[in-house]
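Here's the structure, in C-alpha cells; my notes come after.
The values are calculated or read from the model by the stated rules, or taken from the named source; none is laboratory data. Just so you know, these numbers come straight off a predicted model, no measurement behind them. Note that we place each Cβ from the backbone using ideal geometry, even for glycine, and neighbour counts take in every protein chain shown.
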2 protein chains.
Amino acid sequence: MPKLYPDADSAAPAGQAAFEALLGTPFALDLPGVTGQAGEELSPYTQEPLGITYPQADPDALFAAAKAAMPGWAAADIDTRLMLLMEGLDRLYRDHLFTLVHAVMHTAGQSYNMAYAGSGVNALDRGIEALVYAEQAMRAVTPQAHWARRFGRDEISLEKTYRLMPRGVAVCFTCASFPTWNAWPSMLASLATGNAVIVKPHPASVLPMAITVRVFRDLLAEQGFDPNLVTLCLDTLDAPLGKVLIKHPDCAIVDFTGSARFGQWVEANAHPAIAFTETSGCNTVVLAGAEDLDAAIRSLATTMCMFSAQMCTSPQNVYLPPQIDTPEGPVPRDEVAARLAEAIARLTEDPRRAGMILATVQGAGTLDLIARMRDEGRARGKLLLDSRPYPHPDFPGARTATPLLVQLGKDARDLYAEERFGPIGFVIDCDSAEDALEQATTDAAQKGGITGFLYARDDAFIERAEHAYARAGAQLTINLTGAMPLNFAAAYSDYHVTGLNGAGNAALTTLAFVASRFAVTQSRRPVRSVHG
Amino acid sequence: MPKLYPDADSAAPAGQAAFEALLGTPFALDLPGVTGQAGEELSPYTQEPLGITYPQADPDALFAAAKAAMPGWAAADIDTRLMLLMEGLDRLYRDHLFTLVHAVMHTAGQSYNMAYAGSGVNALDRGIEALVYAEQAMRAVTPQAHWARRFGRDEISLEKTYRLMPRGVAVCFTCASFPTWNAWPSMLASLATGNAVIVKPHPASVLPMAITVRVFRDLLAEQGFDPNLVTLCLDTLDAPLGKVLIKHPDCAIVDFTGSARFGQWVEANAHPAIAFTETSGCNTVVLAGAEDLDAAIRSLATTMCMFSAQMCTSPQNVYLPPQIDTPEGPVPRDEVAARLAEAIARLTEDPRRAGMILATVQGAGTLDLIARMRDEGRARGKLLLDSRPYPHPDFPGARTATPLLVQLGKDARDLYAEERFGPIGFVIDCDSAEDALEQATTDAAQKGGITGFLYARDDAFIERAEHAYARAGAQLTINLTGAMPLNFAAAYSDYHVTGLNGAGNAALTTLAFVASRFAVTQSRRPVRSVHG
C-alpha cells in the first residue's frame, strides 16, 4: 500500500469498488453529437470483456463544440486556467486515483504498483510540469507596453496590447499500454494555453481517459466554463477515426502516442496542425564493463522484465563486445549473455514475483510477435531464453509471457534494429566496446530510440558515449545499479523524447512542448490623453 | 543622412564606393564544393545587370560541410556563441551597413532610407531580439542537477547532466524584396542554438546575403570555429534548388520567406525538418470612422505607397461601409474612396517625393500583374486610380509604377482576397461597419494576413475589432495618424506573424521561434563518492 497517500486504507478499496461498479454498464458521460455507444475493452488479466460502453460522438460535432467552447476559456486569465487545471489534477489524485489504478490494470495490463506509480502519481507530476512550462512560456509575454518614438517632427506614442491566442482544437491520441503518462501533460499543455482538447483513446484502453475527461468536464462546468473544452472521441478497431480527426479542417494540434508507423504518418500529414509525437524505437544498452557485473546484470534483467518491456523506455538491444571488462578481469561475451538470460529466468520463475514485475501482455498481437521472433531468432542466431506463459497468481486467465532473449550477429540488423514491442530482447555480438557504442548509437539515431544504457569502467569511453548518445538523441543512464528501474523517468528532472531521432519529438518538459500551442497577437493605438 | 550613425559622413560614401567596386566582378567567397559561378541580379534602378558572380556550391557538399562544422560550435558555451553572433551583427553595422544599403537598393529596389532603416538597423535589431529569445530558451535548462530518491531500502543518488543539442542543418530562404529583415533573425536563432545555416537567397537579391555570409564566415574562422557553419547556396531562376535543399536528408530546419504557394509546399513537405514561414496574405483595413478623416486617409495613402506596397505588412484591401463616421457627420463611401485615390495621386505626382516613397518595382512580373488587375478592375468594378510609371529623379532607367486603386463589390472576392504583390490596392464596398469588420477578418483568417488596420470612433466597435483581429491572427493598428508608417514594426515591442492564419508562423520574437531549434539530451549516473 503506498504510504504517502492521505487515506489509502479506505481509498484503495473504495477505488476498487468504484471500478467494479463500472463493469458491465454504460459509462455516464455527457458529450455533444452522440450517435451511439461502443466499448470493446478486454482485461489482460481476465481476457474477458469489461462490458463498459461509452458514448460515441460525431467528430464534426466534437470539433464544433470544442471551437465554440474556446473563446470563453481563452479569455480567462492565465491564473484562472492554471488553478482550474491544478484542481483537476488534484481531483484525479484525491478522488479517482485508485479507480484509475484498476482502470489502468484492466486495460493496459499494468501491475498494481506500476498503475499506481507510473500511470498515477508520476503521470500527475508530469501534468504539473506541463503547467509550469506553459506558465513560463505565457508569462514571457508582457500584457501591455507603452512605446514612443520620434518620426521626423512627430512624436508617436502608442499603447500596445498583447493577447495570447490559443492555436485551436487539439486532438490527444493515447496509447493502449500507458495511456495517462503522455496524455495528461499533453492535455494540460493544450488546455493551459487556451485550447480545447478532444481525447482519442486507443479502443483497448478507454476507461482511464473516460474518467479523466469526466473529471475535467465536471470541473469546467462547475467553474462556469464550457465542458466541451474536453471531450472524448471513441473509435473502434474496425472503424478507426484517427486520420479523420487529424485531417479535420479544425484540427490545430495533435499529440500522438503510439506506433512508429502511424506516428510517422501523423508527423508528415498533420500540417497545418502541429504535431507532438512519441512513438517508438529500439532502446539500446552498451555493456562494455562493470565494477559489479552481477549488479549490472541484475538491473538490466529487472528493467527488461518490467511490465513485459511494454514501456517506451524499455531496453531492447544489448550490444556486447567479445569481452566485458570487470575488476576481476575480462568476462567472455557468451558468459555474460548466459548470465543475463539466467537472471531474467530467475526473476520470472516465481509467479508472484513475475506478476509484480512482468504483469500482463496488453495485446494478443504481442504473443504472435514473440512466436515470430522465436522462429527468426532460432534460424538466424541463438535462443538464449525462450518465452513462456507464466501462471498469474491472482488472475488465472491472465495473458502473460516471460521474456524471449535472442543472441544475434550484427548482420541481423533487420531483425533487431526496430522496436519489437513486448518482452523481446536481443543480445548483439559486436567487435569491440567502440563498435558496440557505434552500433548502438547508430541504431538509435537511424531507427529511433528514447533511452540508452551504458555500463563501462573507462572514463574516457564513458565520455565518448555521452557525446555519442547525445548526438543520437537518446537519454543515457550510466552504470546504474540497485533498486531503481533503469528506465525510471523522474518528474522534475528527467526529460523525455529529444526530437533528434525517429522516436518522436514530445519532450514533455521543454518550452518547445508548449510554446507553439498559443500565438501572440497584438493591437496598438495612440496613447489616449487623460484629458481627451 | 541618418544622424545616429557614428561616422556617417565618411561611412556613407565609403559604403557606396565599396558597393560600386563589387559591380562586374566575381564576389570573393570561399565555399566548399564549388562547381561554378553564377549571378543574374539586375538593379531595379537601372534594369541593368549588376555583373556580380558568386560561387555556386553543390548542395551535398554544403550539407556535409555544415554537419562537420557543427560539433565544435555546439560544444561552445552559450555565452561564446552569443558574443560571437553579437559581434557579427556589430560588424554588419559598423563596417558594412552602407554597402548593404546600396546592395539592398540595387537588388530589392528599396529607397535609400528604407534600405538603411528597414533592411539595416531595424533588421539588425530583430537579429538581436532572436539572440535574446534563444538565450531565454537555452538558459531555461539547467546544466546539471543532483537527484536522490529512496527505492525500497535503496537510496539512489544521481548526478544528471543536460546538454543542449542543435537540431541540425538549417536552410534559410530569403526573399527578393526584403532579404535581410527575416534572414538575420532566422540565421541567428539557428546559429545561437548551435546549428549550422545554409543561406539560400532569392537569385534576384543575392548580394546582401553574400555580404552577410562572408562577414560571419570570416568572424567564425577568426575565432577558431569552422566557417562552414554559414554558407551560401546560390541557385538560378532556371535551375532552382529550393526543393532539393528542403528534401535533403540532412535538412533539419527551414526558414522560408517568399510566396504563399511555395511557402505552403514548404510547410507541408519540410518534415522531418521543422519549418518557420512568412509568406503573404491580404492585409486589411477597416475604415469605419475617424476623428480626423483627412489624417487617416493621408496615413493610409502613405502606407499603401511605401516601397510600392512590396512589404509583407503593406495594407492592400480597404473595407468601407456605406458611410464613414466623422465628427462632422457621415461621409459617403464614394467620397472617401475618391479622397484616398486623390491622396495617393498627390503623394506620387512629384517624382522626387515618389522616389522616396514608392522607390522601384522589384520584379518585372509585378508590372504584368498591375496590367491584369487594371483590366479585371475595369471589367468588374471601378478604377479609382490608374497606375503609371513615374520618372525616377536619380535613375532614369528605374522600373517604377504608381499605385493602382480599384473599387470592388464583395462578390469580387476571388480578385481581392489574396495577395496581389506590388502597388495594387482595393476598396471593397461593404454593407455596414460590422460587415466591413466581418469581411476583413474573415479574409485575413481564411486567406492569410499579417497586419490589419482599423479606423473607428466607437469604443465598443473597436473592442470587438480587437478580438476579431486577434482571432483572425493579424496584428492590428488602430486609429494611427501622423508620420509613422502604419505598418512600421518596431523591434523590441512588435510581434510579427502569428501562425494563426495562412501567412506563415514565424513570429520572430517568441519562444516558439527558437525553442524547437535545439533539443535537451541528458545523461545520468550514480553520484561518485569523493573517496572513491
**Prompt:** Within segment A:320-333, is there a residue that is among the hydrophobic types (A, V, I, L, M, F, W, C) and more than 30 Å from A:Pro389 (Cβ to Cβ)?
**Reply:** yes
**Fill in**
Here the residues within segment A:112-167 that are basic (Lys, Arg), surrounded by 16 or more Cβ atoms within 10 Å (Cβ to Cβ) and more than 10 Å from every other protein chain (Cβ to nearest Cβ) are A:Arg126
**Prompt:** So which of A:Gly242, A:Gly224 ends up being on the phi > 0 side of the Ramachandran plot and surrounded by fewer than 24 Cβ atoms within 10 Å (Cβ to Cβ)?
**Reply:** A:Gly224
**Sole exception among (1) at the interface with chain B (Cβ under 9 Å from one of its Cβ atoms); (2) among the aromatic types (Phe, Trp, Tyr); (3) under 20 Å from B:Leu158 (Cβ atoms) for A:Phe461, by number** = (1)
**Message:** For the condition away from every other protein chain (no Cβ under 14 Å), crowded, with 24+ Cβ neighbours inside 10 Å and in contact with a His (Cβ under 7 Å, 6 or more places away or on another chain), what is the one hit in B:Thr174, B:Thr180?
**Reply:** B:Thr174
**Message:** Residues that are touching a Gly at 6+ places or on another chain (Cβ under 7 Å): list the strands (runs of 3 or more DSSP E) wholly contained in segment A:142-232 that include at least 2 such residues.
**Reply:** A:154-166
**Request:** Among the numbered conditions (1) at the interface with chain A (Cβ under 10 Å from one of its Cβ atoms); (2) touching a Gly at 6+ places or on another chain (Cβ under 8 Å); (3) on the phi < 0 side of the Ramachandran plot, tell me where B:Ile478 comes up short.
**Result:** (2)
**Prompt:** Could you count how many residues in segment B:89-119 are of a type in the set (Gly, Ala, Ser) and not in a helix (DSSP H, G or I)?
**Reply:** 2
**Request:** Give the number of residues within segment A:169-215 that are out of contact with any helix residue (DSSP H, G or I) (no Cβ under 7 Å at 6 or more places or on another chain) and either outside the structural domain of A:Leu50 (by TED's automatic domain parsing) or of a type in the set (Lys, Arg) (or both).
**Result:** 1
**Message:** Considering only residues that are in a loop (DSSP other than H, G, I, E, B) and under 26 Å from the mean Cα position of the chain (by Cα), which ones fall in segment A:423-463?
**Reply:** A:Pro423, A:Gly448, A:Gly449, A:Ile450
**Request:** Would you mind stating whether A:Gly51 is outside the structural domain of A:Val199 (by TED's automatic domain parsing), assigned to a loop (DSSP other than H, G, I, E, B), out of contact with any His (no Cβ under 9 Å at 6 or more places or on another chain) and not hydrophobic (A, V, I, L, M, F, W, C)?
**Result:** no
**Request:** Return yes when A:Val361 is closer than 27 Å to A:Cys175 by Cα, modelled with pLDDT of 95 or more, touching a strand residue (DSSP E or B) at 6+ places or on another chain (Cβ under 8 Å) and not in a helix (DSSP H, G or I) and no when it is not.
**Result:** no
**Fill in**
If we keep only residues of segment B:494-507 that are in contact with a Leu (Cβ under 9 Å, 6 or more places away or on another chain) and more than 7 Å from chain A (Cβ to nearest Cβ), then the residue nearest to B:Ala417 (Cα to Cα) is B:Val497
**Message:** With the requirement that a residue be touching a Leu at 6+ places or on another chain (Cβ under 7 Å) and crowded, with 17+ Cβ neighbours inside 10 Å, what does segment B:346-375 give you?
**Reply:** B:Thr348, B:Ile357, B:Val361, B:Ile370, B:Met373
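Let's see how each residue does on (1) within 14 Å of chain B (Cβ to nearest Cβ); (2) part of a helix (DSSP H, G or I):
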position: A:Glu267; (1), (2): yes, yes
position: A:Ser280; (1), (2): no, no
position: A:Ala301; (1), (2): no, yes
position: A:Val318; (1), (2): no, no
**Complete:** Note on A:Val527: of the conditions (1) within 30 Å of B:Leu486 (Cβ to Cβ); (2) facing another protein chain (nearest Cβ under 10 Å); (3) of a type in the set (A, V, I, L, M), unmet is (2)
**Message:** Checking the condition within 8 Å of another protein chain (Cβ to nearest Cβ) and in a loop (DSSP other than H, G, I, E, B), which residue from A:Ala483, A:Ala515, A:Ala491, A:Ala470 passes?
**Reply:** A:Ala483
**Message:** I need the full set of residues from segment B:276-296 which are surrounded by fewer than 24 Cβ atoms within 10 Å (Cβ to Cβ) and farther than 23 Å from B:Arg464 by Cβ, in order please.
**Reply:** B:Asp294, B:Ala295
